[in-house]
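The values are calculated or read from the model by the stated rules, or taken from the named source; none is laboratory data. Here the structure is a predicted model, which means the values were calculated and not measured. FYI the Cβ positions are ideal-geometry reconstructions off the backbone, even for glycines, and counts take in every protein chain you see. Surface accessibility is based on the protein's heavy atoms, side chains included, excluding ligands, DNA and RNA. Shrake-Rupley method; radii C 1.70, N 1.55, O 1.52, S 1.80 Å.
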Amino acid sequence: MSPLLEVEGLTTCFPGTRGPLPIVDGTHLSMERGEVLALVGESGCGKSMTALSLMRLVPKPGRIEAGRVLLDGRDLLELRVTEMRAVRGSRMAMIFQEPMTSLNPVVRVGEQVVEAIRLHEPVSRAQARERCLELFAEVGIPDPQARLDVYPHQLSGGLKQRVMIAMALSTRPDLLIADEPTTALDVTIQAQIVRLLQELQRSRGMSILLITHDLGIVNELSDRVAVMYAGRIVETGSRVDIFRHATHPYTRGLLRSNPVLAAPGERLPEIAGVVPSPEDWSPGCRFASRCRHCFEPCEAEVPGATPVGEGHGVACHAVAQGRLEGDAE
Amino acid sequence: MLAYVIRRVIYGVGVVFGVLLFLFVLFFTVTSPDDVARKALGERVPPAVIEQWKANHGYDRPLFPGPGAWTENMLFEHYRRMLTFDFGRSDADDTPIVERIRRGMGPSLTLTLPLFILSLGVAIPLSLLVAFFRETYIDRLGVVISVLAMSVSILLYIIGAQYLVGRILHWFPISGFDSDPQLIIRFLALPLLVGIMAGIGGDVRFYRTVFLEESNTDYVRTARAKGCGEGRIMARHVFRNSLIPLLTRVILAIPFLFMGSLLLESFFGIPGLGAITVDAIQGNDFSVLRTMVYIGSLLFVFGQIVTDLSYGLVDPRVRLE
């Protein structure tokens, strides 16, 4: 069976001082049905823009310049606006980083879920409300009946995110895009939301594209991982590939700098230098200026993906030319 | 809620007291009671007549309270009359002021009420449209026209419209008023046209900004992500959230409908409260002027309280305490 989602060469540009900047640059992703793919990277690396590009919700003046986004073999970028609208919220749904502001403050939360249902299905208001009630119970909102008619400001951040999840699930999507779903929440609430997403994914068998910079959550939730740096995917692989056999110098640096994995009392190793701003991206590998393994082709040529194992690819010249071993340090 | 209203009313009383004091000081800084008398009686009257007139109208007393005149002064009398709504008679022509207000209110409202409704009816859909086409040529064109329209003085609109429509094209009378419903439309056409044109630029720019601000919020992104169409987003999500800044502007304007329009009325010869106020300023008619200012400040304070109360109706987050 073909993958649920296949992204090929997706490029999204924003205008810069010297012409358009590819904030998302030739991204390839592939997701099977029922799979959780984590898209990992630091702030500003283009993860969220990738997600918004999949939904065709890139804010102006950004534009999707090239690529294909195949959902069940149908290219979403070719769809007409009205056709795309029918896909959004029904085949693929999205939850966001900011549950505080993602709900309309002057509309009751139940009504907002009802709207989502009735946009895609010809059901009565009462039926939609009934569904909403079930969804609230499913996502673990206590006293769901009473919560239908409250306004967002009367709910805590965690409950708001649960409402967002209920809204996203309301039309039984095949793919849920979760853009930093726990970042704005307290640590205890984060764990609850992660567990909820895990349960929902299992019970519904839906695919989740999880966008995060939190490696702990990646480790808990994901089947496969794609690591993004400065607009490009630098490494993809299974969770085990990434956490045990990280190969790209950036992925390795990222893992080493994670406090969870460090020994107590030891200074955390950091990646030297800073992320280049899109205006300063080099024509070659964008990590080159910070990479210990940098050699001639790195500054000049974009590295292609080199397979280093089953379903494990790395975009690195050093790996491609055998200078850097898959498992070696 | 009740405590809130009471507190706001107390603040409002303070504001009105301040306005009355400010008006009094300002007026008698630029003119004197003698000027008021001379304006009323004419330039060539003997000093004895002036003194007599001042005594009759209470303008012979000292301006401010002082030893021996704690109540026998003009400022005290000024407050006493205003606070008891004893407006008295016009300094200029001796008519009862209440009578003049009653006669002026009708013409004022026949101009300002349609002007208000038409302006809103044109400006809000237009700004929704411009905001809908944000960052396109339609939007940019809309902004340029708005800025142009608001940069031109209303005086130019008045004169231009009177010249072009009234004098050259002869579509409508240049100025005048008639309470006959058959004729009133013809007299109102020009001031309405000018009023809308003079206001629309600023209105569209303001509402567009409000709508655009709401269009860039996270919940609008959520609405899009769940498959909402742009039209529905504008009508259901953006517009409802824009009501707070919108109400501030709209409700606050309502009380002033009763005050008439100063410029439109005086230029188009509409015998409303605006024209009365302009005449009072020109004729040094203190007793009429202060009445108009006093009523204006009362309406303003009232409008503000109503606006604040209305927030609670449109925004569930607002609770008045």
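Per-structure values
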| item | result |
| --- | --- |
| Selection within the stretch B:90-116 - in contact (Cβ under 8 Å) with a residue 12 or more places away in the chain and basic (K, R) | B:R100, B:R103 |
| Filtered residue count, the stretch A:43-61, keeping only those that are surrounded by fewer than 19 Cβ atoms within 10 Å (Cβ to Cβ) and in contact with a strand residue (DSSP E or B) (Cβ under 8 Å, 6 or more places away or on another chain) | 3 |
| Single condition B:F286 does not satisfy, out of (1) within 14 Å of chain A (Cβ to nearest Cβ); (2) in contact with a helix residue (DSSP H, G or I) (Cβ under 8 Å, 6 or more places away or on another chain) | (1) |
| Residue under evaluation A:E121, criteria (1) within 14 Å of another protein chain (Cβ to nearest Cβ); (2) under 30 Å from A:T82 (Cβ atoms); (3) buried (at least 18 other Cβ atoms within 10 Å of the Cβ), criterion not met | (3) |
| Matching residues, the stretch B:216-232, being in a helix (DSSP H, G or I) and either at the interface with chain A (Cβ under 10 Å from one of its Cβ atoms) or surrounded by 20 or more Cβ atoms within 10 Å (Cβ to Cβ) (or both) | B:D218, B:Y219, B:V220, B:R221, B:T222, B:A223, B:R224, B:A225, B:E230, B:R232 |
| Which listed residue, of A:V225, A:V240, is touching a residue at least 60 places away in the same chain (Cβ under 8 Å), among the β-branched types (V, I, T) and either on the phi < 0 side of the Ramachandran plot or open to solvent by 70 Å² or more (accessible area, probe 1.4 Å) (or both) | A:V225 |
| Residue that is part of a helix (DSSP H, G or I) and modelled with pLDDT under 90, where the choices are A:Q161, A:Q190 | A:Q190 |
| Which numbered condition B:R167 fails, given (1) surrounded by 12 or more Cβ atoms within 10 Å (Cβ to Cβ); (2) in a helix (DSSP H, G or I) | (1) |
| Cross-chain or 6+ apart pairs with Cβ under 6 Å, the stretch A:81-100 first and within 20 Å of A:R162 (Cβ to Cβ) and at the interface with chain B (Cβ under 8 Å from one of its Cβ atoms), then in a loop (DSSP other than H, G, I, E, B) and of a type in the set (A, V, I, L, M) | A:M94/A:M55; A:E98/A:A184 |
| Conditions (1) open to solvent by 40 Å² or more (accessible area, probe 1.4 Å); (2) away from every other protein chain (no Cβ under 14 Å); (3) of a type in the set (F, W, Y); (4) within 30 Å of B:I10 (Cβ to Cβ); number of the one not met by B:Y311 | (2) |
| Flag if B:L190 is assigned to a helix (DSSP H, G or I), within 14 Å of chain A (Cβ to nearest Cβ), touching a residue at least 60 places away in the same chain (Cβ under 8 Å) and under 23 Å from the mean Cα position of the chain (by Cα) | no |
| Sole residue being open to solvent by less than 40 Å² (accessible area, probe 1.4 Å), touching a residue at least 12 places away in the same chain (Cβ under 8 Å), away from chain B (no Cβ under 14 Å) and over 21 Å from the mean Cα position of the chain (by Cα), chosen from A:L135, A:L70, A:L148 | A:L148 |
| Conditions (1) facing chain B (nearest Cβ under 9 Å); (2) within 27 Å of the chain's Cα centre (by Cα); (3) under 21 Å from B:C228 (Cβ atoms); number of the one not met by A:V107 | (2) |
| Counted residues, the stretch B:71-85 - those being at pLDDT 85 or above, open to solvent by 40 Å² or more (accessible area, probe 1.4 Å) and touching a Pro at 6+ places or on another chain (Cβ under 8 Å) | 1 |
| Matching residues, the stretch A:1-34, being charged (D, E, K, R) and over 16 Å from A:A51 (Cβ atoms) | A:E8, A:R18, A:E32, A:R33 |
| Count of residues meeting criterion [among the charged types (D, E, K, R), open to solvent by 70 Å² or more (accessible area, probe 1.4 Å) and not in a helix (DSSP H, G or I)] in the stretch B:17-70 | 3 |
| Candidate set: the stretch B:236-279, residues that are of a type in the set (V, I, T) and closer than 15 Å to B:T291 by Cα; chosen: the one nearest to the other protein chains (Cβ to nearest Cβ) | B:T277 |
